[in-house]
1. Those residues that are farther than 24 Å from Asp242 by Cα, polar (S, T, N, Q) and exposed (fewer than 13 other Cβ atoms within 10 Å of the Cβ), I need them from region 392-441; list them, please.
2. For the condition more than 30 Å from Gly202 (Cβ to Cβ) and open to solvent by less than 10 Å² (accessible area, probe 1.4 Å), what is the one hit in Thr132, Thr142, Thr111?
3. Only residues that are touching a Phe, Trp or Tyr at 6+ places or on another chain (Cβ under 9 Å) and modelled with pLDDT under 85: list them for region 402-419, please.
4. Kindly indicate the residue of region 381-391 that is in a helix (DSSP H, G or I) and without any contact (Cβ under 8 Å) to a residue 60 or more places away in the chain and also most open to solvent (accessible area, probe 1.4 Å) among those meeting that condition.
5. State the number of residues belonging to region 269-279 that are in contact with a helix residue (DSSP H, G or I) (Cβ under 6 Å, 6 or more places away or on another chain) and in contact (Cβ under 8 Å) with a residue 60 or more places away in the chain.
6. Name the pairs: first residue in region 420-439 and without any contact (Cβ under 8 Å) to a residue 40 or more places away in the chain, second residue open to solvent by less than 40 Å² (accessible area, probe 1.4 Å) and in a loop (DSSP other than H, G, I, E, B), Cβ to Cβ under 6 Å, at least 6 apart or on different chains?
7. Test of understanding: among Leu230, Leu266, which residue is open to solvent by 20 Å² or more (accessible area, probe 1.4 Å), out of contact with any strand residue (DSSP E or B) (no Cβ under 8 Å at 6 or more places or on another chain), of a type in the set (A, V, I, L, M) and not in a helix (DSSP H, G or I)?
Amino acid sequence: MNFADSRFWILLVSGLAVIALLRIPAGAWLGSRVALFDRLALIALGLWLLVAVSWVTCLIFLIVAVFSYCAMCYLVRRGGRHSRLLLVLFVPLQLLPLLYFKYADFILNDTLGGSFDTLRGLIIPAGISFYTFQMMSFVIDTLAFGRPLPRVLDFLNFAGFFPQVVAGPIERREDLLPQMEQFKFRWSTADLNAGAAWVAVGMFFKCCLADNAAIYVDRTSVSNPFSIWLANLMFGLRIYYDFAGYSLVAVGFGRCLGIRLTLNFLSPYCSTSIREFWHRWHVTLSGWFRTYVYLPLGGGRTRWWMLNVAVVFVVSGLWHGAGWGFLLWGAFHGIALIVNRALGGAIRLPRFVAWVVTLVAVLFGWVFFYETRTPDLLAKLGTLCNPMAYTAAAVRETLTSMSGGHLFALTSLLLLVAIVWAIEWLSVARRDDPYCYLRHPVAAVMLVVLTVLLAPGNDNAFIYFAF
């Protein structure tokens, strides 16, 4: 579901119009039970929008959802100690579609040296990592805490709520299921206004900032450190504003429908430590790994807490993609977090210095994420870590590689980003409410105007659709 694609909006509006027309006779026929129609209509809308993405995507989602619900029913009815032992078997089965589409080629061909040509170039179904993890946590929570079985319709709406099924946030049972059990199509002016503001901010992030930053992600240079740093910066801006943009639009759509989704980003580039960064970046995934991986391993109170952190971040890196670069990216952040915790009490940096150090570390790490060619990745790391490569000639080369028009456009974009960062800082520092000043009605209108005027016009899918 590409929120930046006009086709999505046409399908959404037409779907809501059909629901509104059918709801009139349904209300007369069902009376007080019209909420059943609303919940059926919501999952039907979600599945229709998934089919519009790809029928394979919709089919894989239904397979995972039906298996998860049936497995959960079986385990709950069995009860007792045996059900928890069987859970160890069912969770890997739940992960099979994800493992096949996302990791089979990397494991069998790249790692083990196989020649399974049918695995090369497999198209990853959109959102498979997100909804698989969401359903997996639902089954675990239901078994571990003895929660009652939900109705199948409520479970499907929990797993396939259309604003967040493709790229999160990854919601927990206790946060989203009660809202789905009480769902009705009702249009509150306050919710519509609040939701529209979130959508305006999210679309500005995606179409104005992320899509324009994508133009300047030049991965060709391996010997010029300034060009590599510029690529890291622009990729860092793109992935943040792209992914946060999707998440904020999802929050906005949910709010319009009366559903409160978790805010998945909390202005992470305002962080003054790597630890704070991971409290603000992809919040629901970080929480998922903390609950289902880190704490079961013993958390931070054991002698081997460093190993626990390393395991979590290596697994997190592999969650993002099947490749050595993703693994190294996770390992880099794991090491950074270990160093941050180990030295946090011994070294006190001024707030501005701490922010610069954190930002540089995060931007450095993005090279692992976007550079998928191992030889080029190693060459870039060597260049970035070589003090002799930072010369005046390298600066001139970077500047002359862009024409005057491109340099002016890049400078203007970075100035706009600096203004947005300053507003994010104020939102966090004064209100402890990320993006609150950007959601002000006047600011939201300005963001809509800027989006219309400055969006590059090319159809860029959201970057996290591939995860």
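1. Of everything in region 392-441, those that are farther than 24 Å from Asp242 by Cα, polar (S, T, N, Q) and exposed (fewer than 13 other Cβ atoms within 10 Å of the Cβ) turn out to be Thr400, Ser403.
2. Testing whether each residue is more than 30 Å from Gly202 (Cβ to Cβ) and open to solvent by less than 10 Å² (accessible area, probe 1.4 Å) leaves just Thr142.
3. Scanning region 402-419 gives Met402, His406.
4. Met388
5. So the count comes out to 7.
6. Hits for this filter: Ile423/Leu438.
7. It is Leu266.
Residue-wise test of (1) out of contact with any helix residue (DSSP H, G or I) (no Cβ under 6 Å at 6 or more places or on another chain); (2) buried (at least 17 other Cβ atoms within 10 Å of the Cβ); (3) closer than 28 Å to Gly317 by Cα.
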position: Ala35; (1), (2), (3): yes, no, no
position: Ile43; (1), (2), (3): no, yes, no
position: Val56; (1), (2), (3): yes, no, yes
position: Ile63; (1), (2), (3): yes, no, yes
position: Met72; (1), (2), (3): no, yes, no
position: Leu75; (1), (2), (3): no, yes, no
position: Tyr100; (1), (2), (3): yes, no, yes
position: Pro125; (1), (2), (3): no, yes, yes
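The values are calculated or read from the model by the stated rules, or taken from the named source; none is laboratory data. Small disclaimer: the values here were computed from a predicted structure and weren't measured. All Cβ positions, even for glycine, are placed from backbone atoms using ideal geometry, and neighbour counts span all protein chains on display. These area figures cover heavy atoms from the full protein model, side chains too; ligands, DNA and RNA do not enter into them. Shrake-Rupley method; radii C 1.70, N 1.55, O 1.52, S 1.80 Å.
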